[in-house]
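The numbers here are math on the coordinates, done by the rules we state, and not lab data. What you are looking at is a predicted structure, and each value in this text was computed from that prediction instead of being measured. All Cβ positions, even for glycine, are placed from backbone atoms using ideal geometry, and neighbour counts span all protein chains on display.
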Amino acid sequence: MSGLIPLTVRELRKWYRNPVFFIVGLLQPIFWIALFGSAFDITKLFSGIPKGAAVLPFGNAPNYITFIVGGILTTTSLFTALFSGTSLIFDRRLGNLGRFLVSPIRRSSIVFSKIVSTTIRILVQAVILVGAALLIPNGLKLVHGISAPDIFIIAAALIMIAFSFSSLFSIIAIRLKKQETIFGIINLINLPLIFASYALFPAALMASWLANVAKYNPVSWSSEAIRTVILNGNLSPSQFHSVMLDLLYLFLLSVFMIILTIVLSEKEIRD
Amino acid sequence: MEESEYILETENLVKTYPGGIKAVQGINLRIKKGQIYGFLGPNGAGKSTTIKMLSTSIKPTSGTAKIMGYDIVKDSMNVRRIIGVVPQDLTTDEDLKGIENIQMVARFYDIPAREARKRAEELLALVDLSDFGNKYVSSYSGGMRKRLELVVGLVHNPKVLFLDEPTLGLDVQTRAKMWDYIKKIRDELGVTIILTSHYLEEVDSLADIISIIDHGKIIVTGTSDELKSNLKGDIIQIEFATEAEAKKFGEYENKIDVSYPKETEARLKVKDADYELPEIMKYLVNNNIKPLKFSVHKPSLDQVFLEYTGREIREEEGGDVRKMAMNMRRLRR
Ligand SMILES: Nc1ncnc2c1ncn2[C@@H]1O[C@H](COP(=O)(O)OP(=O)(O)OP(=O)(O)O)[C@@H](O)[C@H]1O
Ligand SMILES: [Mg+2]
C-alpha cells in the first residue's frame with residue numbers, strides 16, 4: 001500500500017517528539033493501575049464469602065490488580081484509539097490532508113497510517129502498564145508464571161482490540177470537520193463499553209441482564225482472554241476453548257473493520 | 001496516446017457543491033506546454049474549486065479534463081504523478097523539519113532516498129531555503145512556509161504545477177520575491193504553471209495568458225495586452241452626494257459608455273481622459289454638481305476586470321473563513 005510507511009513514520013515522529021503526548025500516554029496507564037488497581041481490596045470481599053464457596057467471583061485472582069489488568073489494557077486502548085480520529089480531523093483542518101489527497105498514494109493508506117501508529121502507541125503503553133503493575137507493591141502477581149504462548153495470546157488480543165477501536169474512530173472521522181463531534185461520541189459510547197463488559201467486574205457480580213449484554217462486548221472479549229491467561233497456568237480445555245473463541249471474535253471484528261475502513265476511506269475521504 | 005498540442009484540456013467542467021452551490025459552471029480550457037496560465041477572479045469565483053478538480057482532490061460534477069492525455073477522474077493516479085500542487089492552504093507539517101516534509105512527500109512518489117535528498121537540496125537552494133531544511137517548520141515565517149510549499153510541490157519533477165493563490169497573505173516585498181521564484185521555476189525547470197490569484201499585479205506580471213473568472217465562469221481569456229487593448233478608452237469615476245447628481249453627470253455627451261456602480265456613483269468611459277478632463281470640469285461647474293470623489297483610470301487589468309464583471313476585484317472575503325483565519329495566523333508569524 002503506497003504511502004502507508006512514510007505516513008506512519010510521520011505519525012510516530014509526531015508522537016514521540018511531542019513531550020505532552022508522550023508523557024500523558026505513559027502516565028495514563030500508570031494512574032489506572034495505581035488508582036483502580038489498589039483502590040479496591042478484594043481480600044475484604046473474600047472475607048465475606050464463606051470458606052470453600054462453590055463460586056469465587058474473582059476466580060483465583062490473588063488481588064484486584066491481577067484481576068483487572070486485562071480490562072485496563074483494553075480500556076486504555078479505547079481511550080488512546082481516539083487519537084486516530086482526532087488526528088485525522090486535525091490533518092484536515094491544518095491542511096496536511098490537502099497534500100495527501102493530491103499525491104499518488106492510496107487514500108486508505110492515509111487512514112491506515114493513523115490506525116497502525118495508534119496501535120503501536122497502544123502496545124508501547126501496554127508494556128509500560130504491565131511493567132508498572134509488576135513493580136508497585138501488591139501489584140500484578142503472575143502466580144503461574146508466563147509462557148511464550150501466553151504472551152502471544154495477550155499481544156494478539158491487544159493488537160486486535162487496538163486495531164478495531166482505532167479503525168472505529170478513524171472511520172467516524174473520515175468526513176468530520178470538528179473534533180467536538182468525536183469527543184461527544186466517545187463520551188457517549190465509552191461508559192457503556194467499559195461498564196457493560198467484563199473489564200472491571202466479573203460476570204458473577206453483575207445483574208444477569210448486564211452479564212448477558214457484556215458477552216457481546218468486544219471489551220469483554222479482549223479483557224477475558226488476557227485475564228484467563230494471566231490467572232491460570234496451563235489452561236483447561238474449557239478455558240482454552242473460551243480464549244480461542246474470544247480471539248476468533250476479535251479477529252472477525254478486525255477483519256470487518258479493515259474492510260469497512262478500506263471501502264469508506266477510498267470512497268469518502270475528502271478535504 | 002496521441003500527442004496533443006495542449007498539455008491540459010478541459011471540456012465543460014462543472015462543480016456543484018452539496019446544497020446546490022454552483023462553484024464552477026462549465027469551464028473550457030486549452031493550455032499550452034511551457035506557459036504560465038493565470039486565473040484572475042475575486043473571492044468565491046471558483047478558482048480553488050477549479051484547481052482542486054484539475055489536481056484530483058475533488059471530483060467534477062460533470063465535464064471532463066485531461067492532463068497530458070490522462071483523464072483526471074479515470075486516470076487520477078497517473079495525473080497525480082505528473083502534476084505538482086501548491087494548494088491555497090498550507091500543507092506542510094509544522095511538527096516536522098522542512099527536509100522531513102520533503103522526504104515524506106518524495107516517498108509518496110517512490111523516489112529513492114538518495115535522489116530525494118539531492119532533489120531537496122537543489123530545490124531548497126532555488127528558493128533560498130538551504131539553511132532551513134533542518135529546522136522545524138513551526139519556526140518558519142509565513143513567506144518561508146510558502147516557499148517550502150513550492151519545494152514540496154516540485155519534488156517529483158512534475159510537468160504541470162498548480163499554484164492556488166501563491167502569495168495570499170504575504171507582504172508586498174515577500175510577494176515580489178515569490179514572483180521571482182515562480183519565474184525561475186518556469187525558466188529553469190520548464191514546468192507549465194497554472195496559477196490563480198486575486199491580485200491583478202500578480203497575474204499581470206507572471207501570466208502569459210490570463211482568464212478572468214467570476215461566478216464559476218470564464219468571462220474572457222487573452223494576454224494581458226490583448227485584454228487591455230480591448231478596453232478602448234479610459235475610465236473617469238466620480239462619486240456624488242446625491243443620485244440626481246450622478247445621473248446628471250451620466251448625461252455628459254462626449255462619452256463611449258456610462259455605468260453606475262452605486263446609485264451615487266457614475267463611471268464614464270471616454271476615448272482619452274487627458275483631453276476629456278477639462279471639458280468634464282466645465283460640465284460639472286456649469287451644472288453646479290460637486291464631486292465627492294474623483295478618479296481617473298488608464299487601462300489596467302483592474303479596468304479589464306471591472307469592464308467584464310461589473311465590479312471591483314477586491315470585495316468581501318469569502319470561502320472557508322475558519323481555515324483562512326488559521327492560515328493567515330500561521331502566515332503572519
Ligand atoms: N467544500 C465546499 N462546500 C460548499 N461550498 C463550497 C466549498 N468550497 C467552496 N465552496 C463555495 O464555492 C464557491 C467557489 O469557491 P472557491 O473556493 O472555488 O472560490 P475561490 O475563487 O478560490 O475564492 P478565494 O479567492 O476566496 O479563494 C464559493 O461560493 C464557496 O463558498
Ligand atoms: Mg481560492
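The Rg/Rh ratio for chain A, using Cα coordinates for both the radius of gyration and the Kirkwood hydrodynamic radius, is 1.00. Taken along the Cα-to-beta-carbon direction at a fixed 7 Å, the label points for residue A:5 and residue A:178 span 4.1 nm. For the stretch B:108-113, 3J(HN,Hα) computed residue by residue from phi via the Karplus equation (6.51, -1.76, 1.60; θ = phi - 60°) reads 4, 9, 6, 7, x, 4 Hz, glycine and proline entered as x.
Over 18 Å between Cα atoms: which of B:146/B:184; B:52/B:74; B:217/B:262; B:232/B:293; B:247/B:293 fall into that group?
Numbers: B:146/B:184 15 Å; B:52/B:74 16 Å; B:217/B:262 24 Å; B:232/B:293 24 Å; B:247/B:293 15 Å.
Checking Cα-Cα distances, B:217/B:262; B:232/B:293 exceed 18 Å.
Relative to the longest principal axis of the Cα atoms of chain B, the long axis of helix B:321-332 makes an angle of roughly 80 degrees. Mean residue ellipticity, 222 nm, helices only, chain A: the sum of -39500 (n - 2.57) across DSSP H runs of n ≥ 4, divided by residue count and rounded to 500, is -24500 deg cm²/dmol. Projecting label points 7 angstrom from Cα along Cα→Cβ for residue A:239 and residue B:215 puts them 7.7 nm apart. Highest average first, the peptides B:100-107, B:274-281 ordered by how many other beta carbon atoms sit within 10 Å of their residues are B:100-107, B:274-281. From helices alone, chain B scores -11500 deg cm²/dmol at 222 nm; the rule is -39500 (n - 2.57) for each run of n ≥ 4 DSSP H residues, then divide by the residue total. Of the peptides A:198-207, A:153-162, the ranking by mean beta-carbon count within 10 Å, highest at the top, reads A:153-162, A:198-207.
Applying a length cut-off of 15 Å (Cα extent along the axis) and a mean Kyte-Doolittle floor of 1.6 to the DSSP H helices of chain A leaves A:19-31, A:148-173.
So what are chain B's ellipsoid semi-axes, whole angstrom, largest first, if each one is the square root of 5 times an eigenvalue of the alpha-carbon gyration tensor?
Working through the eigenvalues yields semi-axes of 42, 22, 18 Å.
Computed over the alpha-carbon atoms, the protein assembly as shown gives an Rg to Rh ratio of 1.14, Rh here being the Kirkwood radius from the mean inverse distance. Principal axis extents of the Cα atoms in the stretch B:191-295, from largest to smallest and rounded to whole angstrom, are 59, 28, 18. Shielding by partners for peptide B:17-23, expressed as the average number of C-beta atoms from other protein chains within 10 Å of each residue's C-beta, is 0.
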